[in-house]
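Please read the structure below before turning to the comments.
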Amino acid sequence: MNPDLIEQLGNQLGTNGLPYPIPIHPNLVHLTLGLFIVAIGFDIVGALFPLEKPLFKFLAIPATRSNFFDVGWYNMIAAAVITFATVGAGFYEIMLAQPPATVKSAWGLQAMETMLWHGVGGVLILVLITLMAVWRGFQRFIWRKDMSRQVQWGYLLVGLGIFVLMFAQGTLGAQLAGEFGVHINAARLLRIGENPNLLLK
């Protein structure tokens, strides 16, 4: 690539090293997490509905089992769709990152290693969420369409397992931002004892 073009692009980047004011990827990550957690959570509530029904009745909450499964289904579809944008934005922002080479994370990884594992983890979670959405669709429309419990126990257990992967992935992302200051110049300035309010405008 032409060095002048790289320098020209660098001059167009803002305070956080991006062509826009704040990173997009972290915001989309939280949307992905929220949608997926709600999807699995409501499917768990729907699966356990016979045990919870007396409580809903006591609290005068007009809940039906199918409503919980509807929420689980639509949130899983939304999670699968938005995760493509989440991963895409993440790779774009990683390409523009200039992390410090001498810092190590709490896990003992350098910035490039952390970015590599975070990128691989992002693609893995994208594939898993997409497969979960397909699996959920088969259960809803084919395998269990005439059953009161719309989801299999194995599906819910896999969903809980993905929560663990999401925790590890989120920790890597938090390390990139908080420990390496990737696209968060305020974090870098605080680490070296400077006041970001005075230096960032």
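The values are calculated or read from the model by the stated rules, or taken from the named source; none is laboratory data. Bear in mind the structure is a predicted one, so any value in this text is a computation, not a measurement. Positions of Cβ are generated from backbone atoms using ideal geometry, with glycine treated the same way; all protein chains shown enter the neighbour counts.
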Give me the helices (runs of 4 or more DSSP H) completely within the range 143-201, filtered to those with at least 1 residues that are within 23 Å of the chain's Cα centre (by Cα) and modelled with pLDDT of 80 or more, ordered by residue number. 153-178
Could you check, for the range 129-147, whether at least one of its residues is in contact with an Asp or Glu (Cβ under 7 Å, 6 or more places away or on another chain), in contact (Cβ under 8 Å) with a residue 60 or more places away in the chain and not basic (K, R)? no
Regarding the range 112-119, can at least one residue be identified that is out of contact with any Leu (no Cβ under 6 Å at 6 or more places or on another chain), of a type in the set (D, E) and either closer than 21 Å to G72 by Cα or modelled with pLDDT under 90 (or both)? no
Filter the range 67-114 down to the residues that are more than 16 Å from N27 (Cβ to Cβ), in a helix (DSSP H, G or I), without any contact (Cβ under 8 Å) to a residue 60 or more places away in the chain and among the small types (G, A, S) and list them by number. A80
Failed item, numbered, when S105 is tested on (1) crowded, with 18+ Cβ neighbours inside 10 Å; (2) at pLDDT 95 or above: (2)
Those residues that are in a helix (DSSP H, G or I) and within 32 Å of the chain's Cα centre (by Cα), I need them from the range 54-66; list them, please. F56, R65, S66
Flagged pairs (Cβ under 7 angstrom, 6 or more apart or on separate chains; first in the range 36-65, under 23 Å from A79 (Cα atoms); second surrounded by 17 or more Cβ atoms within 10 Å (Cβ to Cβ) and basic (K, R)) are G46/R65
